[in-house]
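Report on the structure given below.
The values are calculated or read from the model by the stated rules, or taken from the named source; none is laboratory data. Remember, predicted model here, so these are calculated numbers, not experimental data. FYI the Cβ positions are ideal-geometry reconstructions off the backbone, even for glycines, and counts take in every protein chain you see. For the accessible areas, the whole protein counts, side chains as well, though only heavy atoms, and no ligand, DNA or RNA atoms are used. Shrake-Rupley method; radii C 1.70, N 1.55, O 1.52, S 1.80 Å.
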Amino acid sequence: MKAAVLVKEGSAEQAFEIREVDKPTPSKDQVLIKVECFGLNYADVMARNGLYDPAPKIPSILGYEVVGKIVEVGEDVDKSRLDERVVAFTRFGGYAEYAVTAEQACVAIGTIDAAAAAAVAVQYATAYYMAYDAIQLHSGDKVMIHAGAGGVGTALIQLCKLKKCEIFSNAGSDEKLDYMRKQGADHVMNYRKNDYAKEIPKILKEEKLEVTFNPIAGSTFKKDLRLLAPGGKLMLFGGSERSGKKWGILSTLNFLRKMGLLIPISLLITSKAIIGVNMLTIADQNPQILKRCLEGVVKLLKDQKIKPHIGARFQATEISKAHAFLESRKSKGKVVVFW
């Protein structure tokens, strides 16, 4: 089979090669999927830049989500799943014409558009876990969503809007502000022009936020904590502020310095919570959580309660362009790659 293989860390232009590799064989509790398309996630960019520890050693095949048809099943898997069209999580290996994964990591999608199905896997399931599973949102809750024009950001805006929250969100261009408004954000900010940590208090006056959803970390971490009301929760699910910095360990140390030291007792005194989210770790330790989140977002998609935005479609031979586009922060919604 063909696969887009990561052969070198660093710039997207030189990182990948399309190679012929052995087709994987499913173990007893796995299925083999013939892949229609796979999605890109910012963790892929971090892995390409050598900043994502769980990533396999080079040469490797990245990819956390695929859409396709089950063409082979392991001995413990019900044969009725053969020929089922699914969206599935993959623990890497998704950038290929065939991918294996655990049976319970697959959810049937019928005739749903492949790109839309790919969009609801990692990004919508991550958003669903944070907004619907790990915490309880209530009508009128004030929430801050960083990078609201990205894949997870889009999902969070739509999911929080379903809960009737008041949504604050930021992005790096005025075009993206219009996009976030259309998704349901009530207050939008361009972080290149305005500091959200100053703008939000102007709007809220004496009130504060119930939740912040933060994939950036670094300098935003302490700002978010200060914006939270007692009982507030900081959902930390990434560290994109570290990405793209050229100075290795020095950049990492500066990234950590900006986050500062946290004394746990201060969370008790202020009644605030910090919840770290890594869906790969959750999938390893408790796959049932992953399954119910994926089932939840597929149901919302079928019921037309969510509408993924496909920001760009690429062919597998354009994998370097796709990565560069995602890393550029010019993308909105989901970037999907087709064979």
First in region 317-339 and without any contact (Cβ under 8 Å) to a residue 24 or more places away in the chain and within 12 Å of residue 4 (Cβ to Cβ), second anywhere and surrounded by 22 or more Cβ atoms within 10 Å (Cβ to Cβ) and not β-branched (Val, Ile, Thr), Cβ under 8 Å, 6 or more apart = none
ask   = Could you count how many residues in region 173-203 are farther than 11 Å from residue 148 by Cα, aliphatic (A, V, I, L, M) and either open to solvent by 60 Å² or more (accessible area, probe 1.4 Å) or in contact with a Phe, Trp or Tyr (Cβ under 9 Å, 6 or more places away or on another chain) (or both)?
value = 2
message = With the structure loaded, tell me whether residue 91 is basic (Lys, Arg) and either assigned to a loop (DSSP other than H, G, I, E, B) or in contact with a Pro (Cβ under 7 Å, 6 or more places away or on another chain) (or both) or whether it fails that test.
response = yes
Where residue 20 falls short, out of the listed (1) among the acidic types (Asp, Glu); (2) in contact with a strand residue (DSSP E or B) (Cβ under 8 Å, 6 or more places away or on another chain); (3) at pLDDT below 95 = (3)
note = Checked region 204-213 for anything open to solvent by 20 Å² or more (accessible area, probe 1.4 Å) and either free of Cβ contacts under 8 Å to residues at least 24 places away in the same chain or not in a loop (DSSP other than H, G, I, E, B) (or both); matches are 205, 206, 210
ask   = In this structure, is residue 259 under 17 Å from the mean Cα position of the chain (by Cα) and either open to solvent by less than 40 Å² (accessible area, probe 1.4 Å) or at pLDDT 95 or above (or both)?
value = no
inquiry  = residue 90 - would you say it is of a type outside the set (D, E, K, R) and surrounded by 24 or more Cβ atoms within 10 Å (Cβ to Cβ)?
reply    = yes
message = I'd like to verify a number: residues in region 154-172 that are touching a strand residue (DSSP E or B) at 6+ places or on another chain (Cβ under 6 Å) and either in contact (Cβ under 8 Å) with a residue 60 or more places away in the chain or open to solvent by 10 Å² or more (accessible area, probe 1.4 Å) (or both), how many?
response = 2
query = Do the conditions hold for residue 183, that is, is it farther than 30 Å from residue 31 by Cα, in contact (Cβ under 8 Å) with a residue 60 or more places away in the chain and in contact with a Ser or Thr (Cβ under 6 Å, 6 or more places away or on another chain)?
reply = yes
